[in-house]
Amino acid sequence: KNTENKITDDKTVIQTCCYVAGNPVKGTGEMPVFHPYDNRQVGTVALASGKDVEAAIRSALSGGQVLSRYERYEILEKTRKLLEAQKEDFARLITAESGLAIREARYETNRAHDVLMFAAMEALKDDGQIFSCDISPNGKSRKIFTIREPLPLAVAITPFNHPLNQVVHKIAPAIAAGTPVILKPSEKTPLTAIKLTETLYEAGLPPHMLSVLLGPTDEVAEPLVKDHRVSIVSFTGSVAVGKKIAETVGYKKVVLELGGNSPLIVMEDAHMDTAVKLAAEGSFRNSGQRCTAVKRILVHEKIKDGFTERFVQKAGTYTCGDPSDENTVVGTVIDDTAAAYLEEVVGKAVAEGAEVLLGGNRRGALVEPTVIDKVPRNTRMVVQESFGPLAPILTFKDIDDAVALANATDFGLSSGVVTNNMEYALRFVKELRTGTVNINEVPGYRIESSPFGGIKDSGLGIKEGVIEAIKCFSFVKTFSMPW
Ligand code: NAD
């Protein structure tokens with residue numbers, strides 16, 4: 001057993017714990033963490049209790065050193081450098097607890113690097129505004145100024161997919177804003193979140209600024225959501241839990257980044273190489289476990305046969321297997337239960353007339369990249385979110401049908417369109433009911449500081465991304481002076 005939070009070989013079992021304001025929690029119980037590929041134990045986390053929740057809230061609110069903008073910048077920069085130095089350790093940890101292929105885990109550490117870099121840069125910027133009041137006949141000789149103040153306390157709740165990036169996307173902007181955070185990461189992937197917390201402490205973050213708690217939902221997550229001393233709950237996860245939070249959160253700010261069912265729409269004029277590449281990348285990267293992964297490939301009926309043939313060939317190059325193997329492109333999904341669900345929805349679609357062209361098998365949590373043709377529009381696989389490497393192909397007859405089909409879902413996170421026709425592109429930008437429309441890109445394309453977030457069941461239309469998240473974690477005070 002080790003306490004370094006570092007995977008050194010395939011016998012490593014990390015022993016770690018929650019933290020209340022920098023203090024290790026001894027724990028009322030322990031939670032094992034397993035590798036989804038072979039179910040070996042990779043870690044143990046000492047869990048927090050209701051008492052620790054209370055202590056974390058009090059520590060955050062009793063405050064401590066108030067950080068200048070430069071100090072926030074320095075802490076985020078130092079964290080970025082520490083992350084850079086331990087990139088491989090972070091990647092191995094992500095792979096060990098999530099089953100993501102090591103190459104994807106490394107890519108995730110690069111994204112986290114950017115989040116920290118952009119948050120550090122934003123910490124230095126003041127977006128204050130000045131309004132002269134003598135600009136109308138009713139005016140006065142005054143000026144109104146805006147300043148941004150941190151919120152007293154944020155709760156951040158994160159999902160299992162992207163065990164590092166989801167967490168850093170909440171914590172870094174909160175620190176840039178000067179807001180203390182209590183983090184409740186996913187029980188499925190706690191080790192990376194705890195390692196990030198330790199790295200932030202090491203970078204000089206005052207302990208009251210961050211606690212990380214895991215424990216029974218009714219003792220930790222739910223009380224945190226309901227507590228009236230908390231000013232904002234920032235949640236990323238499933239629609240079901242997000243809606244439950246919306247009902248119980250009470251009078252406070254709430255940010256909900258929920259599930260997706262993103263289409264990739266391939267028009268008849270699409271550049272075929274681009275379409276095939278985007279369909280494969282969008283469907284299979286991260287084992288299809290991105291909220292913005294391609295969940296439905298909608299292809300113009302005129303080019304469907306040619307596209308499908310090329311896509312099946314391409315999909316065949318996305319080899320799945322041991323996530324630690326350098327050659328593996330697609331690792332596991334999060335656990336056997338998730339894999340069994342995917343198997344079930346494929347079976348259901350087949351019973352309803354669909355045809356599996358590639359893949360379709362699973363071993364434990366390992367699901368083969370699967371291409372499914374002739375998928376009925378109302379089968380469960382495409383009506384609900386299928387969080388895995390499934391690529392269902394559906395056809396449409398013209399742009400009106402494509403828009404209607406793309407929008408015929410409860411979700412509204414993101415979308416991608418493959419076309420070189422400007423009129424088509426403009427219509428999709430205007431008519432798709434999603435938070436993002438990417439032309440000739442996967443639905444998931446973004447940079448870490450651009451606004452990101454969904455509508456309908458995917459979210460309340462409040463954006464994240466470093467710059468918008470800093471706004472969420474702060475409020476604007478106005479003051480005015482005679483001038
Ligand atoms: P989940 O909703 O099951 O869990 C998310 C978090 O909520 C976990 O930390 C969990 O412990 C916690 N939680 C569970 N019950 C709770 C309760 N009653 N009160 C408070 N917290 C509670 O989601 P998951 O399975 O970990 O993640 C996958 C989902 O997340 C997918 O639907 C995916 O699309 C979505 N997601 C969305 C985005 C986005 O930006 N829109 C990004 C990544 C993932």
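Screening Pro263 against (1) out of contact with any helix residue (DSSP H, G or I) (no Cβ under 9 Å at 6 or more places or on another chain); (2) within 16 Å of the ligand (Cβ to nearest atom) leaves a single unmet condition, (1).
Evaluated against (1) touching a residue at least 60 places away in the same chain (Cβ under 8 Å); (2) closer than 27 Å to Arg290 by Cα, Thr44 falls short on exactly one condition, (1). Being closer than 19 Å to Tyr19 by Cβ, away from the ligand (no atom under 13 Å from the Cβ) and either part of a loop (DSSP other than H, G, I, E, B) or at pLDDT below 95 (or both) is not true of Gly215. Counting only residues that are hydroxyl-bearing (Ser, Thr, Tyr) and surrounded by fewer than 24 Cβ atoms within 10 Å (Cβ to Cβ), region 277-327 holds 5 of them. Could you give me the residue pairs with C-beta distances under 8 Å whose first residue belongs to region 49-76 and is buried (at least 21 other Cβ atoms within 10 Å of the Cβ), whose second residue is of a type in the set (Lys, Arg) and modelled with pLDDT of 95 or more wherever it lies, and which are 6+ apart or on separate chains? Sorted first by the residue in region 49-76, then by its partner, the pairs are Ile57/Arg229.
Can you name the residue in region 450-483 that is within 15 Å of the ligand (Cβ to nearest atom) and of a type in the set (Ser, Thr, Tyr) and, of all such residues, is farthest from Gly237 (Cα to Cα)?
From region 450-483, those within 15 Å of the ligand (Cβ to nearest atom) are 450-466, 468-469, 472; that's our starting set.
Within this subset, residues satisfying the condition of being of a type in the set (Ser, Thr, Tyr) are 450, 458.
On the way: Ser450: 20, Ser458: 10 Å.
Restricting to residues being within 15 Å of the ligand (Cβ to nearest atom) and of a type in the set (Ser, Thr, Tyr), the top hit is Ser450.
Applying the set (1) touching a Ser or Thr at 6+ places or on another chain (Cβ under 9 Å); (2) within 16 Å of the ligand (Cβ to nearest atom) to Asn327 leaves exactly one unmet item: (2). Taken together, the residues in region 398-426 that are under 29 Å from the mean Cα position of the chain (by Cα), away from the ligand (no atom under 16 Å from the Cβ), polar (S, T, N, Q) and not in a helix (DSSP H, G or I) amount to 1. State whether one or more residues within region 11-25 are surrounded by 17 or more Cβ atoms within 10 Å (Cβ to Cβ), in contact with a Leu (Cβ under 6 Å, 6 or more places away or on another chain) and assigned to a loop (DSSP other than H, G, I, E, B). The answer is yes; a qualifying residue exists.
Candidates Thr319, Thr332: the one that is touching a strand residue (DSSP E or B) at 6+ places or on another chain (Cβ under 8 Å), closer than 18 Å to His162 by Cα and of a type in the set (Ser, Thr, Tyr) is Thr332. Quick check: anything in region 367-390 within 16 Å of the ligand (Cβ to nearest atom), surrounded by 23 or more Cβ atoms within 10 Å (Cβ to Cβ), outside any loop (DSSP other than H, G, I, E, B) and among the polar types (S, T, N, Q)? No, region 367-390 contains no residue that is within 16 Å of the ligand (Cβ to nearest atom), surrounded by 23 or more Cβ atoms within 10 Å (Cβ to Cβ), outside any loop (DSSP other than H, G, I, E, B) and among the polar types (S, T, N, Q). For first residues located in region 195-218 and crowded, with 24+ Cβ neighbours inside 10 Å, partners that are assigned to a loop (DSSP other than H, G, I, E, B) and of a type in the set (Ser, Thr, Tyr) and lie 6+ apart or on another chain with Cβ distances below 8 Å form the pairs Gly215/Thr28; Gly215/Ser49.
Could you say whether any residue in region 184-199 is of a type in the set (A, V, I, L, M), within 10 Å of the ligand (Cβ to nearest atom) and not in a loop (DSSP other than H, G, I, E, B)?
yes
Return yes or no: is Thr44 part of a loop (DSSP other than H, G, I, E, B) and surrounded by fewer than 21 Cβ atoms within 10 Å (Cβ to Cβ)? Quick ask: steps written out before the conclusion?
Numbers: part of a loop (DSSP other than H, G, I, E, B): no; surrounded by fewer than 21 Cβ atoms within 10 Å (Cβ to Cβ): yes.
Taking the combined requirement at face value, the residue does not satisfy it.
When restricted to residues that are under 25 Å from Val168 (Cβ atoms) and near the ligand (Cβ under 10 Å from one of its atoms), region 224-239 contains 8. Residues that are in contact with a helix residue (DSSP H, G or I) (Cβ under 6 Å, 6 or more places away or on another chain), more than 28 Å from Asn421 (Cβ to Cβ) and in a loop (DSSP other than H, G, I, E, B) within region 437-470 comprise Glu448, Ser449, Asp457, listed in sequence order.
The values are calculated or read from the model by the stated rules, or taken from the named source; none is laboratory data. On a predicted model such as this, the values are computed, not experimentally measured, just so you know. Glycine also receives a Cβ, built like all others from the backbone with ideal geometry; neighbour counts cover every protein chain displayed.
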